[in-house]
Amino acid sequence: MTIHLTTDSPVGPLRLRSDGERLTGVFFAEHRHAPDDLGEAVDEALAPPVLRETARQLQEYFAGDRTGFDLPTAAPGTDFQQQVWAQLRDIPYGRTWSYGELARAVGRPGASRAVGLANGRNPLSIVVPCHRVVGADGSITGYGGGVERKQVLLDLERSRTAPTLPV
């Protein structure tokens, strides 16, 4: 059974997809790699607990009260994609890594392009923070939900983290 719940956010409607027990997707209204079929749409009152909890945690994230997510997830992907997506969770809130840094972190220093492709296929936007990956020069590059949304998410996180002062 695949179902989805649509919830509002400061970056537009988010479609939260589930298998009934785990979160399997977080997609923007215009999302480059969203599946064609998100399953049956459900009202929040009838949504399974995982979707209601996801909506609640996302609301806390956008309010600045949450820096990470604690949700049961299941994202289908290749072994390499799974490695990349797992590593994304280690990028600290309010910080960014380059594609090269991410490639080194997964033990494939010469695979920046492959890491970028895997990053772009992450089905758990925001929850698995693929928006925290930028170009080597710090430029905002590709994002499944559009670079404008990526910039908003990065600005939101940076506005809520204290700058590190030199010692």
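The values are calculated or read from the model by the stated rules, or taken from the named source; none is laboratory data. Treat the numbers as computed from the prediction; the structure is a model and nothing was measured. Methodologically, a virtual Cβ is constructed for each residue, glycine included, from the backbone with ideal geometry; neighbour enumeration extends over all protein chains shown. We work out accessible area using only protein heavy atoms, side chains counted, and drop any ligands, DNA or RNA first. Shrake-Rupley method; radii C 1.70, N 1.55, O 1.52, S 1.80 Å.
The HN-Hα couplings worked out from phi for region 64-72 by the Karplus form 6.51 cos²θ - 1.76 cosθ + 1.60 (θ = phi - 60°) are x, 9, 9, 10, x, 10, 10, 9, x Hz, whole numbers, x standing for Gly and Pro.
Computed over the Cα atoms of the chain, pair by distinct pair, the Kirkwood hydrodynamic radius stands at 16.3 angstrom.
Each residue of region 92-109 was assigned a 3J(HN,Hα) from its phi angle through the Karplus expression (A = 6.51, B = -1.76, C = 1.60, θ = phi - 60°), giving x, 3, x, 10, 10, 10, 7, 4, x, 4, 5, 4, 5, 5, 8, x, 10, x Hz with x at Gly and Pro.
Share of region 13-167's accessible area from carbon and sulfur, percent, 1.4 Å? Exposed carbon and sulfur together represent 49 percent of the surface. Projecting the Cα atoms of Gly120, Gly64, Thr54 onto the charge dipole of the chain, computed from C-beta unit charges around the Cα centre, puts Gly120 farthest toward the positive end.
Solvent-accessible area per residue in the chain equals 52 Å², computed with a 1.4 angstrom probe and all protein chains kept.
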